[in-house]
Amino acid sequence: MESSITEQYFERLFRDNYTRLYYYSFDILRDTEASKDAVNDIFAAVWNERERMDSKLVVGYMLNGVRNICLNQLRKRQKSEDYVEFCLQVFEEEGNDGWEDLENRLSEMKDVIARMPPRTRLILEECYYHDKKYREVAEMLGITLDGVKKHIVKAFALLREHFNVKK
């Protein structure tokens, strides 16, 4: 390794690259706050790893890191949109019989979720109620990212099955 990152180098790195990384992130996400978060996350990662990071490679690391953070955000948005679409599809199948039916369906969904296996329910709640990333939930539970994904797929399958929704 050539050299680790000093505090002065980090400050210069921040001044020289923050705006460029922000616009790069914004170009992908089209969301001001999410773009700022992505750039802040990558600078935090660089700072936390400064002892082990090669200063000559850090700019490329940050560009790749911001891109990956943005892609993960887009995937998360897609998951949320899929969930909303699923809920809307369930409600549309019920027709337009008013808010009482909607409340009943929501209550029914909560009941289905409550009857899920505890780990599947916990993972679904952490990802969708508490807005945690799959990776965060995997680390929290000490399981793989694929393990989290399998539980999410299982949860949606149980909901689809209960409401007779075709994928």
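The values are calculated or read from the model by the stated rules, or taken from the named source; none is laboratory data. Model, not experiment: these values are computed from the prediction. All Cβ positions, glycine included, derive from the backbone under ideal geometry; neighbour counts span all protein chains shown. When the accessible area is computed, the model is the full protein with side chains, heavy atoms only, and any ligands, DNA or RNA have been set aside. Shrake-Rupley method; radii C 1.70, N 1.55, O 1.52, S 1.80 Å.
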(request) Using label points projected 7 Å from each Cα along Cα→Cβ, tell me how many nm separate Lys149 and Leu106, to one decimal. (result) 3.2 nm
(request) At 1.4 Å probe size, with every protein chain present, just tell me what the per residue accessible area of the chain comes to in Å². (result) 65 Å²
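Of the listed pairs Lys132/Lys154; Lys56/Lys133; Lys36/Lys132, which have alpha-carbon separations greater than 28 Å here? Please report the intermediate quantities before stating the final value.
Numbers: Lys132/Lys154 18 Å; Lys56/Lys133 31 Å; Lys36/Lys132 18 Å.
Cα-Cα > 28 Å for Lys56/Lys133; rest within.
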(request) Only helical DSSP H runs with n ≥ 4 go in: add -39500 (n - 2.57) per run for the chain, normalise by residue count and round the 222 nm mean residue ellipticity to 500 deg cm²/dmol. (result) -25500 deg cm²/dmol
(message) 7 Å from Cα along Cα→Cβ at both Ser80 and Arg15: what's the point-to-point distance in nm?
(response) 3.6 nm
(request) Leaving ligands, DNA and RNA out of it, report the carbon-plus-sulfur percent of the accessible area of the chain at a 1.4 Å probe. (result) 49 percent
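Output the relative contact order of the chain, whole-number percent, from Cα pairs under 8 angstrom with separation of 6+ residues.
About 19 percent, as a whole number.
In the chain, which whole DSSP H runs stretch at least 15 Å along their own axis (Cα) and average 0.0 or higher on the Kyte-Doolittle scale?
145-163
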(message) If I take the Cα coordinates of the chain and project them onto the principal axes, what are the three extents in Å, biggest first?
(response) 64, 32, 22
(request) Quick one: grab Rg to one decimal and Dmax as a whole number for region 118-167, Cα atoms only, in Å. (result) 11.1, 33
(message) Using Stokes-Einstein with the Kirkwood hydrodynamic radius over Cα pairs, what translational diffusion coefficient do you get for region 7-77 at 20 °C and a viscosity of 1.002 mPa s, in µm²/s rounded to a whole number?
(response) 177 µm²/s
